[in-house]
1. Quick one: how many Å² of W113 are accessible to a 1.4 Å probe, rounded to 10?
2. Which value, in Å² rounded to 10, gives the accessible area of D3 with a 1.4 Å probe and all protein chains present?
3. Over the Cα atoms of the chain, each weighted equally, I'd like the Debye log10 I(q)/I(0) at q = 0.09, 0.13 Å⁻¹, rounded to two decimals.
4. Roughly how big is the range 1-132's charge dipole about its Cα centre, with Cβ charges of +1 (Lys, Arg) and -1 (Asp, Glu), in debye to the nearest 20?
5. What is the range 84-169 by shape, rounded, prolate or oblate, if you read a ≥ b ≥ c off the alpha carbon gyration tensor as root eigenvalues and call it rounded for a/c under 1.5, prolate for a/b larger than b/c, and oblate otherwise?
6. Taking the Cα centre as origin and putting +1 on Lys and Arg beta-carbons and -1 on Asp and Glu beta-carbons, what dipole magnitude results for the chain, to the nearest 20 debye?
7. What net charge do the residues around I73 carry, taking every other residue with its C-beta under 11 Å from that of I73, with Lys and Arg at +1 and Asp and Glu at -1?
8. How much of the accessible area of the chain, probe 1.4 Å, is carbon plus sulfur, in whole percent?
Amino acid sequence: MQDIELYKRMLGITAPWVVSDVQLELKQRTVTIVVGYDHSIPVACPVCGGQATVYDHQQRKWRHLDTMQLKTIIECEVPRARCEEHGVKQLPVAWAETNARFTAMFEALVIGWLKETSISGVAELLALSWDEVAGIQERAVNRGLARRKKQPLEHIGVDEASFQKRHEYVTVILDRHRDVVLEVLDDRKADTLEQWLRARPIHHLTSVQTVTMDMWDPFILAVKNSIPDAEQKICFDRYHVAQHFGKALDKVRAQEHRQLVAVEGESPLTGTKYEWQKNASRLDNRSRRDFMALSRMNLKTARAWRIKETAAEVWNYSDRSVAEKAWQRLLAWIARCRLELVKKVGKMLRRYLRGVLNAIMARVSNAMLEAKNSRIQWVKKMACGFRNRKRFRMAILFHLGGLNLMPKSLKNSAFAST
Ligand SMILES: [Zn+2]
């Protein structure tokens, strides 16, 4: 039949596989391509490659890329080979990975779409179930992780990320040097991070030069317990420090605003939340003029804002003792500022100053941390939240793990060359 030849060429089916039938079901808009094993070619054991005998056959089906606008299924009675040494094993097929229910090309298509849209979006687009698409994503991530070479770590970051509900967190471990997420751990406890670090060979830890993180005791403890000379390597970066000042400022503003409204019936702080948070230099001229007038008013919020702005400036030093003096001056000012919420941040920084100075000396840049953080927010938004930690981990590693996700049969088989 002509279409047997056509499908043989289109799918790139080569020996020992042959297309034996093409079954068209127009009502279901489905075409099934029946592939068989050419039994004039002896079977080899998939484990050792040695001579084997055909034990039996197993019926398998794979969804393939649509052909001519028809849902396309490959069906095959796959021989199981029997080897004296390795027993009975199913022969690998050229078009799909072992145990997959989709051809490698189909999985590659799904992986490509998943880069752009959510699991439910891809499911709808390709008429698959949510679980089928999630399964392809999970296999892709596991494949990528298995291929990833474990290398000595140099510059890493540890950060928390919340998923779905506000107070549920995971720990995200970043390789700042290679710009990828290495792993996502189930919680943000010291033990969990320590276990992950200790599972690596010791020379992967002695090679670490910086560990960037927030001032979060469980992370600090885990790093101190597992990385040699951690005291010199822990960096509390500008991004996280700025977040603390930003949060304190916002609370001061909210409190003061409520108080003003209660006492005077109105407040100059109305609608100014985001202006205080923005970097003053990013405001346009007109709102900048208004804002500057506001910032000169005798307001607690303005005081908290001046401290936040100053704290954002004390990061560019090449001399540790000069940097330390600048920070001591800032911390002394904060200690006198009569704003309890800001003083709390000051006290924390005094306690952790060593790590701040480490960050300044190591010239740890914020760019990667901030970029990864906003990408994680994007992953969350696209998925409209996650059912559980496992799904969140899969999605983060899929998008930010820098993994080689594609099925391997694509590379080596003639099937891929069509
Ligand atoms: Zn064998």
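1. Approximately 100 Å² of W113 is accessible to the 1.4 Å probe.
2. For D3, solvent-accessible area is about 50 Å².
3. For the chain, the Cα-only Debye profile gives -0.74, -1.13.
4. I would put it at about 60 debye.
5. It comes out oblate by the Cα gyration axes.
6. Its charge dipole is roughly 2060 debye.
7. +2
8. Carbon with sulfur: 50 percent of the solvent-accessible area.
The values are calculated or read from the model by the stated rules, or taken from the named source; none is laboratory data. Computed from a prediction, not measured in an experiment: that's the story for all the values here. Cβ atoms come from the backbone with ideal geometry, glycine included; neighbour counts cover every protein chain shown. With ligands, DNA and RNA removed, areas are computed over all heavy atoms of the protein, side chains included. Shrake-Rupley method; radii C 1.70, N 1.55, O 1.52, S 1.80 Å.
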